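Here the structure is laid out as structure tokens; the discussion comes afterwards.
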Amino acid sequence: MENTTPGSVLTEADLKEKVVQAIKTVYDPEIPVDVYELGLIYEIKIFPINNVYVLMTLTSPSCPSAESIPVDIEKAIREIEGVAEVSVELTFDPPYSQDMMSEVAKLELGFM
């Protein structure tokens, strides 16, 4: 396992895992499951050098937390040491459905 010291460059896989862990700290205030397990994250891309792009959706276009969730995700990712830039983009294509939830989320919410 590679040691990372301040100023060192994380591998893309290491950084992506850290991004996923950071995203898992963000919750939709109305649902007791993190946004990653809810299936709101469509894509995570890492670009040189340590620039992070996240494509996400919300449970609905009229979600009351539409302003705060993307900001919270960006803030969580920016706290990862070594991250340069963060871009969080919202999309509603494809529209969100409960099928996008992980089994963990479905169990937590009583859908299984």
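Here, each number is a calculation from the coordinates, and none is a lab measurement. Because the structure is a prediction, the values reported are computed rather than measured. For neighbour counting, all protein chains shown are included, and Cβ atoms are generated from backbone atoms with ideal geometry for every residue, glycine included.
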Qualifying residue in region 44-62 (condition: surrounded by 14 or more Cβ atoms within 10 Å (Cβ to Cβ) and free of Cβ contacts under 8 Å to residues at least 12 places away in the same chain): no
Residues (more than 8 Å from the chain's Cα centre (by Cα) and assigned to a loop (DSSP other than H, G, I, E, B)) located in region 6-25: P6, G7, S8, V9, L10, T11, T25
